Every structure is written in structure tokens, then in C-alpha cells.
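Here the structure is laid out as C-alpha cells; the discussion comes afterwards.
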Amino acid sequence: MSDPVLRVNNLRVRLPKGADRPHAVEEISFTVNPGEIVCVVGESGSGKSVTAQAVMGLLPKELTPDAGETLLQGEDTLQAVPNRLRDLRGTKMAMIFQEPMTALSPVARVGDQIAEVLEIHTDLGVADRRARAIEIMRAVHLPDPDRMVDSFPHQLSGGQRQRIMIAMALVLDPALLIADEPTTALDVTTQAQILKLVKEMQERQGTGVLFITHDFGVVAEIADRIVVMQHGRIVEQGSRDDVLRNPKEPYTQMLMASVPSMTPPERTVIKGETSINVTTLNKVYGRKGWLSKDRIVHAAKDVDLYVKKGETLGIVGESGSGKSTVARCIARLINPTSGSISLHGTEIATLPESKLRPHRSKVQIVFQDPYRSLNPRRTIGQSIIEAPMNYGITQDKALADARDLMELVGLSGDALDRYPHQFSGGQRQRICIARALAVKPEVLIADEAVSALDVSVQAQVLELLDDIRDRYNLAMLFITHDLRVAAQICDRLIVMQHGVVVEQGPTRSVYSDPQHDYTRLLLDAAPGTDVEFGSGRAH
């Protein structure tokens with residue numbers, strides 16, 4: 001066997017004083033061979049990204065490598081001076097980041113951003129750089145690269161932006177590719193395309209890939225070997241089949257047991273009162289104009305749905321399918337173009353803003369990103385009591401209720417004086433759920449509320465949502481692109497494509513006997529569908 005592309009030996013990275021532990025990573029050792037995909041899995045804070053940043057020489061100033069080595073084709077990147085690191089990045093190693101919208105410059109054309117790598121590291125002229133940019137865009141299967149080369153990032157979809165990031169990383173054929181959660185925020189079909197592309201490029205060029213993820217479905221799909229990290233240490237590593245079929249460490253078993261099954265459980269049909277009834281809902285963006293081309297987007301088209309008390313209705317589909325548009329219309333965060341939204345018999349679709357206030361408390365929404373949902377300058381207590389006080393509750397009563405809600409969502413009632421940055425992502429999402437419940441809603445909308453969470457934290461939040469739904473007899477609208485999550489939490493399912501409901505029915509029926517080609521496409525695209533993780537052991 002040829003020498004490893006990457007050999008990490010006893011790596012240790014020190015955290016600043018006052019941190020929850022002395023080292024971000026400690027005694028880390030593993031290898032990545034040519035043509036091999038090594039998946040690093042673990043929860044947030046396990047040290048996955050710190051390890052990758054150390055290899056790339058991208059550690060924040062407050063983190064200091066104080067032991068070990070990271071050998072890239074025999075050269076220790078920890079000892080490389082800045083100019084040498086700059087030479088190595090792109091030519092011998094490259095990185096794909098999780099969020100392409102923050103990794104790409106919004107004011108530069110994507111072709112120019114790819115060409116910039118060539119300008120720094122090669123002697124190619126302007127025309128040759130452009131030609132090479134188009135060539136690599138074609139290699140990553142971007143549509144019409146001759147036209148797209150002059151596009152800006154905001155003009156592309158999330159999957160297309162991620163392909164641009166991959167093109168930038170691979171344009172100089174590096175020996176090592178580091179992919180840091182590159183598919184977390186993507187639709188299931190786009191994710192499948194990106195995973196297939198990474199594997200295809202890796203096989204074609206013999207690139208060694210270090211793939212960081214918390215998604216065991218992705219691991220089952222692409223990994224050759226698996227490295228499991230916890231609290232900055234490697235607790236287990238081995239071949240994909242060995243780790244998935246016979247995990248030795250309790251932590252690995254716990255992570256795998258937390259992965260939702262693709263098999264929906266039997267659910268009792270809910271026969272309660274209907275909370276929300278939506279008929280022929282339409283939302284149209286844009287307008288016709290005589291001076292310019294028509295720019296009309298039919299985001300939701302003749303959508304019919306209902307949710308009963310104590311029931312969870314899931315809406316699944318790709319980005320742009322209209323899922324969130326429907327949810328925002330129901331919450332009246334945006335105004336529907338036409339159609340009916342009945343809340344316990346009261347028509348709210350056509351209510352003017354001045355008369356909406358009494359109904360605002362009845363429909364609450366939990367958003368995808370808990371980091372942006374909470375005001376960083378306000379304590380969580382202030383965030384939770386604001387809405388009840390706006391509806392006439394005294395501050396003392398609102399604070400007492402907030403403490404009870406914090407206990408309900410599994411947090412300390414004494415933590416109301418703390419700020420959002422003092423909590424983990426999963427804890428922040430629990431706080432957002434507590435805030436939504438503070439006004440005693442009748443309908444709770446969860447808009448991708450668990451998609452950014454670790455698999456173990458995700459399992460806890462899903463259990464919490466299920467418990468809250470039962471306890472308060474809430475009607476819940478659950479929006480997700482994660483078909484594993486939908487299978488476990490939703491009583492009924494609606495599948496949307498291009499603003500249209502293409503299929504709906506009991507979740508178990510939709511999964512076992514999908515009627516529409518698009519539903520079958522979504523189910524087939526889910527990673528690791530042939531692996532059952534629920535027991536903590538794949539089989």
C-alpha cells in the first residue's frame with residue numbers, strides 16, 4: 001500500500017483558560033490513504049472541525065497546537081510558515097466548508113472565484129483560467145457552465161453553490177480533500193448528488209478524503225473507514241462495516257441508536273377536533289410588468305391541508321417546494337395571495353394586520369437556526385416572558401411560567417438570567433420551544449427545527465416535541481427535508497414539489513407504498529436507507 005496522504009500523530013490542541021476542558025483535541029492519531037474516504041463522526045464539541053482546521057493551518061488564534069504532528073505527504077503542516085501553508089492549500093490540500101453562502105464572496109462571480117485559485121497557484125493567463133474554471137464546473141456536473149461561470153452566488157441554488165465550492169477545492173487536483181459537514185443543510189436529493197460527486201471525484205483522481213459529519217446515513221453511504229470522536233478524543237475507529245455492524249464503545253452505540261429509523265411506527269389515527277384547515281391556498285411572488293419580463297413565482301399552488309388537535313402533520317420536499325411558504329402563510333408571517341386558512345373556524349387568511357393580534361398567540365413557530373432566533377443581547381428569561389407580557393400577563397406570573405417551561409424542556413429554571421451564548425445549540429432550540437409555548441398556542445409549527453442538531457441532541461428534541469404535543473394536545477405542523485425524522489414523528493405526511501402537493505396520506509402508507517414518482521425519488525435518495533441504526537448496531 002502507498003504511503004498515507006495524511007497522517008495525524010498524537011495531535012493536541014490547547015483551549016484558552018476558562019474553557020470547559022484543557023484541550024480541544026488530545027492524543028488524536030489516524031491516517032487517510034490515497035483514494036480513501038475517512039469519515040469523522042461525533043457530537044458538537046467533539047473536536048472534529050478543530051482537527052481539520054489544525055491540518056489546514058486555519059486554527060483560530062486562541063487555539064494552540066502544543067503537541068503532535070499533521071503530516072501531509074510527509075510534511076508537517078503544524079510547522080509550516082504562513083507562505084508555505086498558502087502554497088499547500090489548493091495544490092496539496094483543500095477544504096469544502098459547511099455553508100457555501102458564507103464561504104463564497106457575494107460580490108464576485110463564481111467563475112472568478114474559481115479562477116482566483118489558479119491565479120495564485122499557476123502561471124495560466126486570463127483566458128486559460130476561465131477555460132479551466134468552465135472545465136471543472138462541467139466536471140462537477142453544473143448545468144450550462146459557459147453561462148453559469150458569470151453568475152453570482154445568490155443566483156445559484158444551495159446545491160449549485162456547494163458544487164462551486166467543490167470545484168474550487170478540486171481545480172488543482174489536491175492530494176487531500178477535507179469536507180466539513182458539506183451536506184448538512186441540503187435537501188435529500190441534492191445531498192445524494194453531492195455525495196455521489198465527492199465519491200466520483202475521489203475515485204477518478206485518487207484523492208484522500210477526510211469527511212466530517214454527524215449523519216450516520218452519510219457515513220453508511222460513502223465511508224471506507226470511520227473515526228468516532230468524543231470530548232476531543234478518538235474513542236473508536238475501524239472499517240465502515242466493523243464500526244457500523246459491531247460498534248464496541250457505548251458512545252458509538254448511543255450515536256447509532258439515536259439515528260431515526262426509516263420505518264415509520266404504527267400510529268393511532270387521531271380523531272380529534274380540527275385545529276387548522278387550509279383550502280386552495282395560493283402564494284404568488286413577483287408581478288407582471290410592461291417594461292420588463294414577467295417575474296412570477298407560484299410558491300404555493302392550491303394547497304389543501306388540515307391538522308387535528310394532538311396530531312403531527314409533516315411537510316416534506318426539496319428547497320423551493322413551498323414547505324416554508326405554506327407554514328409562514330398559516331402563521332400569517334406573510335400574506336397569502338388567495339385561499340382560506342381557518343383556525344378553529346375563524347378565517348385568518350383575510351384578516352387585516354390590525355385584527356390579527358388576538359390570533360398571533362394561537363399559532364407559534366420554532367425556526368431552524370436557534371443561534372439566529374434568540375436576541376444575543378437579551379437574557380433567555382427576557383426572551384421567554386416578552387410575548388406573555390404583551391398579552392397582559394404580569395411579569396411575576398410570566399417569570400414563574402418561564403421557570404416551569406424551562407423545567408418542561410429539560411433545562412434549569414434558575415438559568416433565566418443567562419444569555420444565549422452560554423448554551424449549546426440543542427439547549428437553545430429547547431429555549432426556542434419554551435418561548436413558543438409561553439403564550440399557550442393551539443398550533444405549533446416546527447420549521448426544520450432539528451436539521452442543524454447533532455443526532456443525539458436531535459433525538460432528544462424530537463422526543464420533547466412529541467411529549468409536548470401529547471401533553472398540551474397541540475396540533476403540530478412539522479416541516480423537514482430529513483425523511484428519517486419525518487418517519488418517526490409525523491402521523492400524516494404531505495409531499496410538496498414546485499409549490500404543489502403531489503402526495504399525502506398516513507406516514508406509514510406513504511413510505512411503504514409511495515404513489516408519486518417524486519415521493520419515490522425522495523425516499524430512494526435518502527442516504528443509508530439499506531441500514532437500520534435504531535438498535536445501535538447496523539444490520
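Just so you know, all these numbers are worked out from the coordinates, no wet-lab data involved. Every value quoted in this text rests on a predicted model; they were computed, and no experiment measured them. Cβ sites come from the backbone with ideal geometry, for glycine too, and all protein chains shown count toward neighbours.
In this structure, the residue pairs whose Cα-Cα separation is over 25 Å, taken from LYS308/LYS440; LYS271/LYS362; LYS48/LYS199; LYS92/LYS248; LYS48/LYS323; LYS48/LYS248, are LYS92/LYS248; LYS48/LYS323.
Relative to the Cα centre, the charge distribution of segment 6-257, modelled as +1 at Lys and Arg Cβ and -1 at Asp and Glu Cβ, gives a dipole magnitude of about 180 debye. Compared with the dominant principal axis of the Cα atoms in the chain, helix 455-472 is inclined by about 0°.
Excluding same-chain neighbours fewer than eight residues apart, the aspartates and glutamates reachable from LYS17 by a Cα-Cα span under 19 Å are GLU26, GLU62, ASP66.
Using Cβ point charges alone (K and R +1, D and E -1), the dipole size of segment 231-370 about the Cα centre works out to roughly 620 debye. Taking amide hydrogens as placed 1.01 Å from N in the peptide plane, the amide H of GLY499 sits under 5 Å from those of GLY322, each at least 5 positions away in sequence or on another chain. Taking amide H positions as modeled 1.01 Å from N, with prolines and chain starts lacking one, the residues under 5 Å from VAL40 and 5 or more places away or on another chain are PHE211, ILE212, THR213, VAL227. Across segment 6-257, the mean sequence separation of Cα contacts (distance under 8 Å, 6 or more residues apart), normalised by length, yields a relative contact order of 28 percent. Remark: spin-label model distance THR268-GLU116 equals 5.9 nm, labels positioned 7 Å along the Cα→Cβ axis. Max-minus-min Cα coordinates of the chain on each principal axis give 70, 61, 46 Å, with the largest extent listed first. Were the residues from ASP302 through GLU99 laid out at 0.36 nm apart, the gain over their Cα-Cα distance would be 69.8 nm. Multiplying the residue separation of HIS141 and ASP396 by 0.36 nm and removing their Cα-Cα distance gives an extension gain of 85.9 nm. From the square roots a ≥ b ≥ c of the eigenvalues of the alpha-carbon gyration tensor of segment 340-464, which class results: rounded (a/c under 1.5), prolate (a/b over b/c), or oblate? Oblate. Modelled spin labels at SER44 and ARG357, positioned 7 Å past Cα toward Cβ, are 3.6 nm from each other. LEU78 sits among other residues whose Cβ lies under 11 Å from its own Cβ, and their net charge, with Lys and Arg +1 and Asp and Glu -1, is -3.
In percent, how large is the relative contact order of the chain, given Cα pairs closer than 8 Å and 6 or more residues apart? Once divided by the residue count of the chain, the mean separation gives 17 percent. Amide H to amide H, with H built 1.01 Å from N, ILE494 comes under 5 Å of GLY314, ILE315, VAL316, counting only residues 5 or more places away or on other chains.
Placing a pseudo-label 7 Å from each Cα along the Cα-to-Cβ vector at ASP123 and ARG377 gives an inter-label distance of 5.5 nm.
For LYS355, go through the aspartates and glutamates and keep the ones whose alpha-carbon is under 12 Å away, minus same-chain ones fewer than eight residues off. The qualifying aspartates and glutamates are GLU347. Placing unit charges on each Cβ (+1 for Lys and Arg, -1 for Asp and Glu) gives the chain a dipole about its Cα centre, and among LEU405, ALA438, HIS498 the Cα reaching farthest toward its positive end belongs to ALA438.
For the chain, what is the calculated [θ] at 222 nm in deg cm²/dmol (nearest 500), taking -39500 (n - 2.57) for each run of four or more DSSP H residues and dividing by its residue count? Calculated at 222 nm, the ellipticity per residue is -10500 deg cm²/dmol. The phi torsions of segment 378-394, fed into the Karplus equation with coefficients 6.51, -1.76 and 1.60 and a -60° offset, translate into couplings of 10, 5, 5, x, 4, 5, 6, 7, 4, 5, x, 5, 5, 9, x, 6, 5 Hz, rounded to whole numbers, with Gly and Pro shown as x. Taking the Cα centre of segment 129-174 as origin and assigning +1 to Lys and Arg Cβ atoms and -1 to Asp and Glu Cβ atoms, the resulting dipole is close to 60 debye.
Between ILE334 and MET389, the FRET efficiency estimated from the beta carbon spacing at R0 = 30 angstrom works out to 0.70.
The distance linking segment 486-504 with segment 75-114 is 39 Å (Cα centroid to Cα centroid, whole angstrom).
Report the gain in length on full extension from GLU200 to ARG84: 0.36 nm times residue separation, minus Cα-Cα distance, nm rounded to one decimal.
Between GLU200 and ARG84, full extension yields an extra 38.8 nm.
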